[in-house]
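Shown next, in structure tokens, is the structure this report addresses.
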Amino acid sequence: MPQPARPDSTLPADIAELAAGFIHEIKNHLSTLSLNLQLLAEEFEAAETPRERRALERIGRLSDECRKLVGLSNDFLRFARLRELHTQPTPLEAVVSRLIDFLGPTAKQRNIDINWFATSELPLVRLDADLFEQALLNLMLNAEQAMPDGGTLTLIGRSDAERVYLDVIDTGVGIPADQLPKLFRPFYTTKADGSGLGLATVRKIVLAHGGTIDVQSEPGRGTKFTIALPRAETPPAT
């Protein structure tokens, strides 16, 4: 496989905070616009003439665009305003198992098998479990989307003297080599309906935990994301 691609830097904190405030204001105006479109749609609910029906269709398209903009705004706010972490020593298997239980039913419907393997006595890691689950969920959902005809999603936990590693491996369509260095850039996306902030947010969460994330992929042979996290310090025995 190609060499791992390292993520690019994110927005400076002051610029991100300014942008987040701007997006918050835009969301307020979008809410007003959406409400008025909803009221307008109700007035055309009993459309009879071709002109009225065309107007109702256009209102529906505008409402859809508003919803997309609100979704994009929420994605950006999650990226720009990463809250302060509240970490504690956590077994990685507990986090992975919760997400496998959560995604298992829908994965089965898509003919996707999810497997979890870990070395014995995997060390604890310091995690803000809720925030890290958000990052891992994003990776797992991306993996499912990369396997539209089914496949296998494998998660592997391993460690060395300093770090604990989590591999997220799919058997999906893969990613061209020229796209790998761009994957973690804000607003870069290979999806028609993507915001380009999912992987950027994943990277930011991993970095906030003192970790790193790399990706390896080959078209037609799948993709592997590797998260490396510091081992939680074990208190001395008394």
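Worth pointing out:
- As a proxy for reagent exposure, ranking LYS204, LYS108, LYS182 by other Cβ atoms within 10 Å from fewest up yields LYS108, LYS182, LYS204.
- Cα Rg, Dmax, region 98-238, angstrom units: 15.5, 57
- Using 0.36 nm per residue and subtracting the Cα-Cα separation, the extra length available between GLU93 and ASP113 on full extension is 5.4 nm.
- Entries in LYS182/LYS224; LYS108/LYS204; LYS108/LYS182; LYS27/LYS68; LYS182/LYS204 that, when Cα-Cα distance is taken, lie over 23 Å: LYS108/LYS204; LYS108/LYS182
- 11 Å beta-carbon shell around THR154, net charge (K/R +1, D/E -1): -2
- Taking other C-beta atoms within 10 angstrom as a stand-in for reagent exposure, THR212, THR119 fall in the order THR119, THR212, fewest first.
- Counting neighbouring beta carbons within 10 Å and listing from fewest to most, the residues THR49, THR171, THR201 come out as THR49, THR171, THR201.
- Region 88-230 - share of DSSP beta bridges that are antiparallel (%, nearest 5): 80
Coordinate-derived values only; no laboratory data. This structure is a prediction, so every number in the text was calculated from the model and none was measured. Every residue, glycine among them, receives a Cβ derived from its backbone with ideal geometry; neighbour counts consider all protein chains shown.
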